[in-house]
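All of the numbers you see were taken from the coordinates with simple rules; none came from a lab. A quick note: this is a predicted structure, and the numbers were derived from the prediction, not measured. Backbone-built Cβ (ideal geometry, glycine too); neighbour counts: all protein chains shown.
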Amino acid sequence: MPQVTLAVNGTSHTVEVEARTLLVEVLREKLRLTGTHVGCDTSQCGACVVHLDGDSVKACTILAIQAEGTQITTIEGLAAADGTLHPMQEAFREYHALQCGFCTPGMVMSAIDLVQKHPQGLSEQEIREGLEGNICRCTGYHNIVKAIAAAADVMQGRAGQLASAAE
Amino acid sequence: MYDFTYHKPASVADAVAILAADPDAKPISGGMTLLPALKHRLNRPSALVDLSGIAELRGIRQDGGALVIGAMVKHYEVATDSQVMAAIPALARMASTIGDTQVRNRGTIGGSLANNDPAADYPAAALALRATLITDRRRISADDFFLGMFTTALEPDELLVAVSFPVPQKAGYAKLRNPASRYAMAGVFVAQGPQGVGVGVNGAGPCAFRQAEMEAALSAAWSVESVAAVKQSPDELNSDIHGSAEYRANLVTVMAKRAVADAG
Ligand SMILES: Cc1cc2nc3c(=O)[nH]c(=O)nc-3n(C[C@H](O)[C@H](O)[C@H](O)COP(=O)(O)OP(=O)(O)OC[C@H]3O[C@@H](n4cnc5c(N)ncnc54)[C@H](O)[C@@H]3O)c2cc1C
Ligand code: FES
Ligand code: FES
């Protein structure tokens with residue numbers, strides 16, 4: 001059986017796979033990182049989004065073997081060792097940007113990539129277009145968009161801390 | 001998905017040798033079309049030949065009056081590359097509307113052209129800009145490349161290596177996205193280039209095509225009014241739950257007007 005070596009959230013793992021094994025199957029079933037979800041399995045919903053060498057990708061549409069030698073970050077890799085949440089996770093909590101939470105890991109991973117690719121900041125329109133690949137059946141998106149805008153301000157140094165959602 | 005053997009060659013020659021030795025082997029570039037198809041068990045390749053390790057397929061360069069884009073260049077790179085934005089900004093804008101961020105981070109121009117989905121965006125641009133498709137063994141004009149739905153002039157063991165786009169004076173693109181699939185119901189790419197005016201239509205028919213009457217009208221006078229006067233025939237256009245052939249025919253004129261406005 002082929003072997004793949006991946007650095008997941010900073011730790012190197014070597015696992016046996018079939019050629020057809022998907023990256024998301026390795027993450028969930030071999031490494032037990034079940035924060036990455038499978039919603040549609042048809043490349044549309046974005047519940048499975050992780051970062052591959054810094055870019056957001058759909059882990060249900062990549063073979064594990066294609067990811068050989070890459071650095072993967074999943075939702076489990078965002079919080080600090082002491083449990084402090086990433087500003088994007090904190091903003092999703094503060095802005096009530098989730099209801100059932102199924103889409104949330106993928107939303108957060110897509111949102112972080114979106115903010116990182118727009119160092120000068122993002123308009124509301126750009127945030128909405130940037131979420132094209134993530135489907136949420138609960139929230140209606142408005143609070144997700146607000147959370148991402150607030151987190152972008154913190155991540156890019158325009159705000160020292162998260163603006164309160166109540167303001 | 002059925003299992004298969006996986007190869008990751010480091011050169012075009014090695015990839016072609018594997019494909020030539022095994023007629024059931026298939027190349028994989030971004031995998032954004034092929035992997036969903038394999039999950040549905042729509043076909044059963046014996047082997048996948050991953051092109052991502054081949055340096056010859058990467059990179060964007062200027063060559064005389066043309067912009068040459070390697071087959072493995074991702075949609076995201078085309079959308080954000082400074083050379084593309086300077087030489088053919090409409091192509092960069094078009095690439096920025098393909099699928100979503102995650103599709104653009106993996107999907108490639110070569111995969112899209114080789115796949116020739118009727119609703120894909122790149123085939124219309126290649127036709128309108130009079131692109132040349134460069135393979136491991138020959139150069140094929142866009143007019144001779146797109147043969148029909150999901151069908152191109154490529155041999156089973158032939159690899160697309162790069163696409164050469166003559167740099168136009170101006171170009172523009174507009175499409176109407178299906179609200180659910182987000183693929184083009186109809187898209188029109190217009191260009192005024194060194195080989196004349198080109199109008200490429202995608203989404204509307206079973207295969208992207210050039211709209212000769214619109215090309216003639218724009219050659220006579222480059223204006224929104226010129227294309228507004230041309231009616232696309234619904235004969236042989238797609239008709240499905242998303243829209244009738246007549247609806248799509250009307251959309252072609254509407255999108256052509258918007259594309260000319262986009263080109264400026
Ligand atoms: C959710 C979603 C939305 C999408 N929306 C759009 C859209 O709006 N517009 C659009 O145009 N596309 C869209 N796509 C398709 C996307 O652009 C694909 O990336 C593209 O069609 C195929 O490129 P790929 O690199 O992923 O190719 P792959 O899936 O790897 O391959 C596609 C086919 O081409 C062959 N092939 C690949 N590379 C070569 C080569 N160099 N030489 C010869 N043959 C080759 C493969 O064998 C396969 O048959 C979407 C896809 C998804 C999943
Ligand atoms: S599970 Fe991957 S996109 Fe839906
Ligand atoms: S919070 Fe339920 S799907 Fe988004």
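Key figures
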item: Per residue convex hull volume, Cα atoms of the range B:67-145, in Å³; result: 85
item: Mean-position separation - Cα centroids, the range A:15-33 and the range B:87-138, in angstrom; result: 31
item: Proximal charge balance of A:Ala79 [Cβ under 14 Å; K/R count +1, D/E count -1]; result: -2
item: Euclidean distance between Cα centres, the range B:197-230 to the range A:100-167, Å; result: 40
item: Globularity ratio of chain A, using Cα Rg and 2.2 N^0.38 Å; result: 1.04
item: Where a label projected 7 Å from the Cα of B:Lys39 along Cα→Cβ would reach, residues of the range B:98-126 with amide N under 18 Å; result: B:99-108
item: DSSP-loop trypsin sites (Lys or Arg not before Pro) across the range B:102-181, with at most 13 other Cβ within 10 angstrom; result: B:Arg137, B:Arg138
item: Equivalent ellipsoid semi-axes, the range B:170-263, via Cα gyration tensor eigenvalues times 5, rooted, Å; result: 22, 13, 11
item: Table column - 3J(HN,Hα) (Hz), the range B:23-39, Karplus curve with 6.51, -1.76, 1.60, x for Gly and Pro; result: x, 9, 7, 9, x, 10, 10, x, x, 6, 9, 5, 5, x, 5, 5, 4
item: Pair A:Thr14, A:Leu85: separation of 7 Å Cα→Cβ label points (nm); result: 3.8
item: Folded to 0 to 90 degrees: helix A:142-155 orientation relative to chain A principal axis, Cα; result: 90
item: √(5λ) per eigenvalue of the Cα gyration tensor, chain B, largest first, Å; result: 31, 21, 15
item: Descending semi-axes in Å of the range B:1-50, equivalent ellipsoid built from Cα gyration tensor; result: 19, 12, 8
item: Rg/Rg_ref, the range A:3-76, where Rg_ref = 2.2 N^0.38 Å and atoms are Cα; result: 0.95
item: Integer Hz, Karplus 6.51/-1.76/1.60 couplings in order for the range B:121-130, x for Gly and Pro; result: 7, 4, x, 5, 5, 4, 5, 5, 8, 6
item: Inter-chain Cβ neighbour average for residues A:55-66, partner chain, 10 Å; result: 6
item: For A:Val8, distant residues with modelled amide H under 5 Å away; result: A:His13, A:Ile72
item: Label-point separation in nm, B:Thr80 to A:Ala163, each point 7 Å along Cα→Cβ; result: 2.5
item: Quarter of the Cα convex hull surface for the protein assembly as shown, i.e. its orientation-mean projected area (nm²); result: 21.7
item: Estimated FRET transfer efficiency (A:Gln3, B:Asp14; beta-carbon r; R0 22 Å; 0.05); result: 0.55
item: ³J(HN,Hα), Karplus 6.51/-1.76/1.60, whole Hz, each residue of the range B:152-167, x for Gly, Pro; result: 10, 6, 5, 6, x, 9, 9, 9, 6, 9, 6, 10, 10, 10, x, 6
item: Theoretical FRET efficiency, 1/(1+(r/R0)^6), r = Cβ-Cβ of B:Ala228 and B:Asp24, R0 56 Å, to 0.05; result: 0.70
